[in-house]
Amino acid sequence: MTSVDMRTPEALADAERWTAHNYHPLPVVIASGEGAWVTDVDGRRYLDFLAGYSALNFGHRHPGLIAAAHAQLDRVTLTSRAFVHDQFADFCHRLAALCGKDLVLPMNTGAEAVETAIKVARKWGYRVKGVPDGQAEIIVASDNFHGRTTTIISFSTDPEARADFGPYTPGFVTVPYGDLAALADAFTANTVAVLMEPIQGEAGVLVPPEGYLGGVRELCDAHNALFVADEIQSGLGRTGRTFAIEHEGVVPDMYVLGKALGGGIVPVSAVAANREVLGVLKPGEHGSTFGGNPLACAVGAAVVRLLETGEFQARSAELGDRLHAGLNALVGRGLQEVRGRGLWAGVDIDPALLTGRQAVERLAERGILAKDTHGSTIRLAPPLVVTADELDHAVAQLAAILAAG
């Protein structure tokens, strides 16, 4: 194919012309996908090592999930929560059981689920704990990423996400991630919850020190506060367990879920908790027109059925060991550090060698799609359907760009 025949430059120019510049995408225009692979408008194939920030845990167009969506599209797609539809109870029941919780509140996006958790934690604090009205505090971690609403960015420590969007919502106390002593000092009588990612994704796939999440659980118990685990990226099989927090044997009071819950087909998110927590909400106090719609519930239930077998969790654990072994072999050969669990890795490239952006651009030239974050760090998160050979191929391409410098 000659450069004259290529469609990519024109498609990129059109996107640049007609959209707000809130992203800086790689110069790749995807037209189709299957499993761990995508194909661009010019027919070039790429191995997807981003998986939609874990929204595509089960790969592109997973046959079982596509079948569930097709079947529901032929029946009914939206009713609003003014009525009950026949997919709702099955989805909520299955997801509650997967989480080991009594109740589920479905929403659409991850940010909506985080906002839901914040509202529930505050109301629980006022109605159950007895915090004075308007005084509830939620403790969060530095370098967090929980979404981009004005309330959520109010407690972000990333200037890029926060600057120029004030005034900011009060009621949040920030402590260093992984520092139990600082967390203990932050609790007051008005603390209603601790909201944290068990592994921080946007920050570079940061895994907390061993025992940290257990310590968070103990402090929440001691101060009668809720532990809210944001498993939007880390959950649903990504780290080799259903939830990343399970690696420490910890059970939070609330799970915040999203991304992979929609199977890469529709936005689906949810909060799961026991009745004494989610039960504080009454009709009219919180809702969503599209939250828990029939199409979302049909796809979400199919996702949960995939996870009920444990196959994807085991696959992520086994292949994750292979991925991390391959990446750790490159430490000292262009890589400075590798972090993560399961099929999720944060890779720090020697900044004297390449920036993160340069690295992902060169990987894309070699047919591997990944994403940079914070300088010379790149994130790798292939779909859980990736094969061992595909993992080895991607690591070999990374090794090649590091050797080329």
Q | Condition check for E218: free of Cβ contacts under 8 Å to residues at least 40 places away in the same chain and more than 30 Å from H60 (Cβ to Cβ) | A | yes
Q) Would you pick out the residues in region 47-76 that are under 14 Å from L295 (Cα atoms) and charged (D, E, K, R)? A) D74, R75
(Q) For region 31-51, check the following and say yes or no: at least one residue is surrounded by 16 or more Cβ atoms within 10 Å (Cβ to Cβ) and assigned to a helix (DSSP H, G or I). (A) yes
Q. Right, V280: part of a loop (DSSP other than H, G, I, E, B), modelled with pLDDT of 95 or more and on the phi < 0 side of the Ramachandran plot or not?
A. yes
Q.
If a residue counts only when it is farther than 19 Å from L47 by Cβ and touching a Ser or Thr at 6+ places or on another chain (Cβ under 6 Å), which strands (runs of 3 or more DSSP E) contained entirely in region 308-405 have at least 1 such residues?
A. 345-349
Q) Taking region 97-127 as the region of interest, how many residues are farther than 25 Å from A55 by Cα and in contact with an Asp or Glu (Cβ under 7 Å, 6 or more places away or on another chain)? A) 1
Q | Residue tally, condition part of a helix (DSSP H, G or I) and among the aliphatic types (A, V, I, L, M), over region 71-128 | A | 15
Q) In region 54-107, which residues are among the basic types (K, R), over 22 Å from the mean Cα position of the chain (by Cα) and under 18 Å from V271 (Cα atoms)? A) R81
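The values are calculated or read from the model by the stated rules, or taken from the named source; none is laboratory data. Everything numeric in this text was worked out from a predicted model, so none of it was measured. All Cβ positions, even for glycine, are placed from backbone atoms using ideal geometry, and neighbour counts span all protein chains on display.
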